[in-house]
Amino acid sequence: MAYVINKFNGVQLVVLDDGTIDTTTSLGLVGRNYVGYGETQNENFVFLLENFANAAPPSRPLAGQIWFNTTDDTAYVYDGSNWNPIGSATSSSTAPPNTNSGALWLKTPVNQLYVYTGTEWRFVGPEAVEGFGSTRARAGSLDNTAGDPQPVIFLETNGVVFAICTAAAFVINPSNSVTGFSNALQAGINLSATAKINGSITGNAATADQLSTARLINGVPFNASSNITVTANTTNLLKKGTYIIGADFNGNSETTWSVDATSANTIGKVVARNSEGGFSAGTITATFIGDLTGNVTASSGISTFNTVQANQFIGATLSGNAATATRLATARTINGVNFDGSNSITVPASAETLTGNAINNSVTLSGLTQVGTLSSLNVNGPISWGSIGLINAYSAGGYNIIGIGASDRITFRDEIYVNASATTLAMGGGASVPSLTPATNSYALIGHPNFKWDKVYANEFKGNSDTATLATTATNLPGGGLGAIPYQTAANTTAMLGIGSPGTVLTAQAGGLAWQAIAQESLTKGSYLNMINTTTSGSLSVFNGNLPATISVDATTTNTASKVVARDASGNFAAGTITANLVGAVTGNASTATQLQTARTINGVSFNGTQDITIVATDTTKVALAGSTMTGYLTLVGAPVNANHAATKTYVDSRLPQYTIVSGAQYSTSGYTNQVGSFNDGANFFDVFPPVGKSMANIVAFIPSIHVVHYAGGVDGNDSIRCTYSYLGDRIRVYVQNTEQRSTPAANYLAIWS
């Protein structure tokens, strides 16, 4: 008689037939009169005692079942769909698939706690950034010098404290010192030595990143927002090396270096491209890709070119008309001057050949040294005369006058004299400002070294004076000494600052100007350059003036990777692949060609590469593509890489060890049933598990067959026999059964695993 197994809530779980074992749950439920029930029943007790302790949860669990996870040593309870930890948080880097409100999750490796609200994981704390150290505002305390703890707030990012907040000032006990901070804390926010505040701040700062008003240092504006460079002598020179043009650098004055390169074919020069990207060379040993322009030799036939460029044609005469020419083959004379187009010429015209009595108004320049009497003369610009000669003035209204238009001027090459009886040298007035102006910037004099003006009255003087007491600028100021610098110490007050010590630079300080030791930048070696110690020849990467250095271009004439190209003593160099348009003769081997210079025969058929050919194979020792018969062994030289490739015995043998073949015979481990006319999946089966190191993903093939079945009663039309299998998640289940049987059946099986 079958057992009816119910759950605690009264819901039927399974009907357990006689002589069978039910595996609907994680336990084996033993039916009446099942042979060997003791092992299964005892194992059930053990499973319950250890709460199914394993790294993976038990299969076919029931709601309320407990499983002890041996991986994290945590007990879990099954809620009907998920395994939930009991009394502890789930520790993992990703959120657990948990839908129970109130569940806890400790996110690793940042160790942050989350609680599940029923719809989402809500962050609890502490503040942190994944992948970095502590990043948050952290409450703490620091002892003062008396040993009393003082409350503070630490502001930190990636585990580094950059600010300490305190309500009262105190001095940190040296035993509590914080890296980057002074022990004396002020009330408020105290920043570390490496931290700063970006933005505007009201009040007076002890230090500042820049001055609000730039100041001049040796005429260079300086507001402290960026460094300025003061050149100075250095005891160690930076010397130029090979393929460098320029003077050795000593830091005293700006020096420009350039690579000694040219696009022309010049011996001892680095190769440089011209404005079109080309260059000239002697012999280039390389493989060329691209258009090739140069000497072409053909013994016969007709050569066709798109464009022919040459410096000279030698041989037969070229016929036809050129679009342009450098010069005429036969020079022609123009007004008696030979002209062949190679140079510009000037054609003279004799004045006696000119006709008419007027010079065209387009003639604006003349070399005339004397003219006759002019009835009138209109001048639209300045009139200049030398020290000899006069300009006759005219008399009007009792005054001698030189009449000049409002926008004209007279330029004097000597002095302007004012008679002793005159009291004023008057200039015109009005809207335009009058002035005495020299013709050029030749520093003309007002007055004379022996005839000086008594006083000069003016609103403003422009320029510089030799000496001055209160002038803004002057060539010479009283006081000071060798190298002294004038500067204003206050409004309308100028003082002299003595020259600094060698190796110092003038800087702006809170109380004025001061000399400080020079801070020099380093010169770092870049690509394609060599830098060595001039004295020891040792390699250098940085020049800072402390050691003598020589810099040279890292160039060679040989085909060397990552080197600049240099020409040898003959103007030649070697290279790998050059992609360019070349002009000049080329020797060597081309990677491709349109045709062979000399045609070759293949099986008697001429071939020069200009067209396809067909040949006939006449060698009787060779195998035809179809219809031939081979004797002996065929030797293969490689493993197959295509489905149509033949395989060697070595390759086939190497593939066999890749598979694990398991076979055997097994009786049903779930008992047997005797029921007429139907199969029972609750019994009459055994399971085949993957070998160690394999999973169900590795199964390649599986074949079961009947090993033994038993009959009960007569063999008639209601008897059925089966031997089949099905793939489960972690095993293969083999069913073997006769519907009317008196004993446990068995089956053979063969399994192949990859």
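Details
- Test: Ala53 is more than 28 Å from Asn674 (Cα to Cα), open to solvent by less than 60 Å² (accessible area, probe 1.4 Å) and modelled with pLDDT of 85 or more: yes
- The numbered conditions (1) part of a loop (DSSP other than H, G, I, E, B); (2) within 51 Å of the chain's Cα centre (by Cα); (3) not hydroxyl-bearing (Ser, Thr, Tyr) are all true for Trp105 except (1).
- Count of the range 180-189 residues which are in a loop (DSSP other than H, G, I, E, B) and among the aliphatic types (A, V, I, L, M): 1
- Residue among Tyr667, Tyr651 that is open to solvent by 80 Å² or more (accessible area, probe 1.4 Å) and either farther than 23 Å from Ile752 by Cβ or not hydrophobic (A, V, I, L, M, F, W, C) (or both): Tyr667
- Residues of the range 509-541 classified as touching a strand residue (DSSP E or B) at 6+ places or on another chain (Cβ under 7 Å) and either open to solvent by less than 60 Å² (accessible area, probe 1.4 Å) or in a loop (DSSP other than H, G, I, E, B) (or both), total: 15
- Residues that are of a type in the set (A, V, I, L, M, F, W, C) and within 25 Å of Asn33 (Cα to Cα) within the range 662-705 comprise Ala665, Val676, Phe679, Ala683, Phe685, Phe686, listed in sequence order.
- Total residues in the range 114-139, condition outside any strand (DSSP E or B), in contact with a strand residue (DSSP E or B) (Cβ under 9 Å, 6 or more places away or on another chain), within 20 Å of Ser91 (Cβ to Cβ) and hydroxyl-bearing (Ser, Thr, Tyr): 1
- Exactly one residue out of Leu62, Leu13 is touching a Lys or Arg at 6+ places or on another chain (Cβ under 9 Å), on the phi < 0 side of the Ramachandran plot, open to solvent by 40 Å² or more (accessible area, probe 1.4 Å) and not in a loop (DSSP other than H, G, I, E, B): that is Leu13.
- Subset of the range 190-232 [within 23 Å of Tyr487 (Cβ to Cβ), modelled with pLDDT of 80 or more and not in a loop (DSSP other than H, G, I, E, B)]: Arg215, Pro221, Phe222
- Residues that are at pLDDT below 70 and not acidic (Asp, Glu) number at least 1 in the following strands (runs of 3 or more DSSP E) confined to the range 245-362: 284-289.
- Selected residue (criterion: nearest to Ser695 (Cα to Cα)) from residues of the range 630-674 that are β-branched (Val, Ile, Thr) and outside any loop (DSSP other than H, G, I, E, B): Thr660
- Lone qualifier among Ser726, Ser705, Ser754 - being polar (S, T, N, Q), touching a helix residue (DSSP H, G or I) at 6+ places or on another chain (Cβ under 7 Å) and open to solvent by 30 Å² or more (accessible area, probe 1.4 Å): Ser754
- Tally of residues being touching a residue at least 60 places away in the same chain (Cβ under 8 Å) and either outside any loop (DSSP other than H, G, I, E, B) or closer than 17 Å to Thr673 by Cα (or both) across the range 701-753: 18
The values are calculated or read from the model by the stated rules, or taken from the named source; none is laboratory data. Note that the structure is a prediction, hence the values are computed from the model and not measured. Neighbour counts are summed over all protein chains in view; Cβ atoms, including those assigned to glycine, are modelled from backbone coordinates with ideal geometry. Surface areas here come from the heavy atoms of the whole protein model, side chains and all, with no ligands, DNA or RNA. Shrake-Rupley method; radii C 1.70, N 1.55, O 1.52, S 1.80 Å.
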